[in-house]
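Comments concern the structure below.
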Amino acid sequence: MRIDGFQNIPALLQSFRGDENTKSNSGNGAESPSSSVSLSSFGEVLQSLQRQSAQSLKARAAHVDQLAQKNQSGDISVDVGKLASKLVDSQVINFQG
């Protein structure tokens, strides 16, 4: 399972740095409270990512429970060839000729 929201973190951080630089350069040279605004904005993004992660964990747990029920009832079948191929492709198994 992939969490897409985490891929955008570098871009978000870069945009916060850009906002901070433009705000500090536009003033009269005095220290501005823009850093607290950036931290607050970053905090909101972090909370959003944490919520998405928690939702993803709940969905994963529900999927695992569903698979466990199928396994207990005998409704699950495994394609051994496909499983072996995936294990080799992900380098879990090192297969040499």
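The values are calculated or read from the model by the stated rules, or taken from the named source; none is laboratory data. Every value quoted in this text rests on a predicted model; they were computed, and no experiment measured them. In this analysis, Cβ positions are derived from the backbone assuming ideal geometry, glycine residues included, and neighbour counts consider all displayed protein chains.
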Neighbours by Cβ (under 6 Å, 6+ apart or cross-chain): first from the range 75-97, farther than 25 Å from D65 by Cα; second at pLDDT below 85: V88/F95
Among residues of the range 59-97, those that are hydrophobic (A, V, I, L, M, F, W, C) and part of a loop (DSSP other than H, G, I, E, B), counted: 5
Residue match in the range 77-90 (condition: at pLDDT below 65 and among the hydrophobic types (A, V, I, L, M, F, W, C)): no
Residue match in the range 35-58 (condition: at pLDDT below 80, of a type in the set (V, I, T), outside any loop (DSSP other than H, G, I, E, B) and surrounded by 10 or more Cβ atoms within 10 Å (Cβ to Cβ)): yes
